[in-house]
Amino acid sequence: MGTLDGRVAIITGAGRGLGREHALLFASQGAKVVVNDLGGANDGSGSDMTPAQQTVADIKAMGGEAIVNGDNVADWAGAKRMVDSAIETFGDLDILVNNAGINPAPTTVSDMSIEYWRKMFNVNLEGPLRMAQQVAPFMRDNGGGSIVNIVTMAAYSGGSNVCAYGSSKAGLINLTKSMAQEWAPWNIRVNALCPGPFMTEMVAGAERVREGFIDMIANGTLMKRVADADEIVGPVLYLASDASSYVTGDEISVSGGMQK
């Protein structure tokens, strides 16, 4: 028996990286999963699957249930379509993991444009707000649920090249606490998960253009290493499941001992 048997989950940004790990884990634990990722569905003219389609195919290969969604969390109508699709397909909605986020080419505070700043906040902070606003009424009327906002350890410390990214994620921590306070009477738990350095496509790409990048970020942890992507699964399962039934408004770091 899985710990999420019968639950329905939306995971944004689930085609790659940590989001894909969340999706595969939830499916293995009995959840029905909406795998959201930009460009989630191709036009059917080619043989290559998009990352979201590949994730769904892998879930189905293990005997799970999942659908692809290609809507954009940066769009109010897209957020609504995503939630409506989950409810129409599976008849329920218990878990939202706000994993989608962007971190374009690092820009210093001095050189940052207002367009860059607004784009970062539109996805990283307003995206989770849009999604949560869409799921909360359904959860309220159907016994409650769990919302997990994926943040970052960069939210706790300033940095010239990660100013917009870190600031948007710091705002998400505050928003998490506000949501938790407001929605506790509805039996909706809202928590934040703050990863440190994980081996993702983004990190691998940074190493290719900046040799020594992986060693540098590993040295920022007490464990002196970068985590494998599948090391995120235990903490996110804890927050999504009844194992954390008395936990809300909290922030849990998964960072190899990085200091907040």
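Determine which member of the set ALA52, ALA136 is open to solvent by less than 10 Å² (accessible area, probe 1.4 Å), under 15 Å from ALA14 (Cβ atoms) and either of a type in the set (S, T, N, Q) or in contact with a strand residue (DSSP E or B) (Cβ under 9 Å, 6 or more places away or on another chain) (or both).
Unique residue meeting the criteria: ALA52.
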Is it the case that ILE59 is open to solvent by 40 Å² or more (accessible area, probe 1.4 Å) and in a helix (DSSP H, G or I)?
-> no
Somewhere in the range 195-210, is a residue assigned to a strand (DSSP E or B), among the hydrophobic types (A, V, I, L, M, F, W, C) and at pLDDT below 95?
-> yes
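Where residues in the range 210-236 are touching a helix residue (DSSP H, G or I) at 6+ places or on another chain (Cβ under 6 Å) and not charged (D, E, K, R), which of them is nearest to VAL148 (Cα to Cα)?
Here the answer is VAL236.
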Check GLY256 against each of (1) assigned to a loop (DSSP other than H, G, I, E, B); (2) of a type outside the set (Asp, Glu); (3) modelled with pLDDT of 85 or more; (4) open to solvent by 60 Å² or more (accessible area, probe 1.4 Å) and name the one condition it does not meet.
-> (4)
For the range 202-223, state whether one or more residues are β-branched (Val, Ile, Thr), free of Cβ contacts under 8 Å to residues at least 60 places away in the same chain and farther than 30 Å from SER110 by Cβ.
-> no
Report, by residue number, each residue of the range 22-54 that is aliphatic (A, V, I, L, M) and modelled with pLDDT of 95 or more.
-> ALA23, LEU24, LEU25, ALA27, ALA31, VAL33, VAL34, VAL35
Return yes or no: is MET179 at pLDDT 95 or above and either assigned to a helix (DSSP H, G or I) or surrounded by fewer than 24 Cβ atoms within 10 Å (Cβ to Cβ) (or both)?
-> yes
Which of the residues spanning the range 65-83 are in a helix (DSSP H, G or I) and not charged (D, E, K, R)?
-> TRP76, ALA77, GLY78, ALA79, MET82, VAL83
The range 47-92, residues that are within 19 Å of PHE26 (Cβ to Cβ) and of a type in the set (Ser, Thr, Tyr) | THR55, SER85, THR89
Could you tell me whether any residue of the range 210-231 is touching a Leu at 6+ places or on another chain (Cβ under 7 Å) and among the hydroxyl-bearing types (Ser, Thr, Tyr)?
-> no
Filter the range 236-247 for residues that are buried (at least 18 other Cβ atoms within 10 Å of the Cβ) and part of a helix (DSSP H, G or I); the one that is nearest to the chain's Cα centre (by Cα) is VAL236
Give me the pairs: first residue in the range 247-260 and free of Cβ contacts under 8 Å to residues at least 24 places away in the same chain and under 15 Å from ALA218 (Cα atoms), second residue open to solvent by less than 40 Å² (accessible area, probe 1.4 Å) and assigned to a loop (DSSP other than H, G, I, E, B), beta-carbon distance under 9 Å, and six or more apart or on different chains, which are they?
-> none
Of ASN191, ASN174, ASN149, ASN122, the only residue that is open to solvent by 50 Å² or more (accessible area, probe 1.4 Å) and either farther than 23 Å from ASP37 by Cα or outside any loop (DSSP other than H, G, I, E, B) (or both) is ASN174
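The values are calculated or read from the model by the stated rules, or taken from the named source; none is laboratory data. Just so it is clear, the model here is predicted, and its values are computed rather than measured. Because the Cβ atoms are built from the backbone with ideal geometry, glycine has one as well, and the counts that use them run over all protein chains shown. The accessibility values were calculated without ligands, DNA or RNA, using every heavy atom of the protein model including side chains. Shrake-Rupley method; radii C 1.70, N 1.55, O 1.52, S 1.80 Å.
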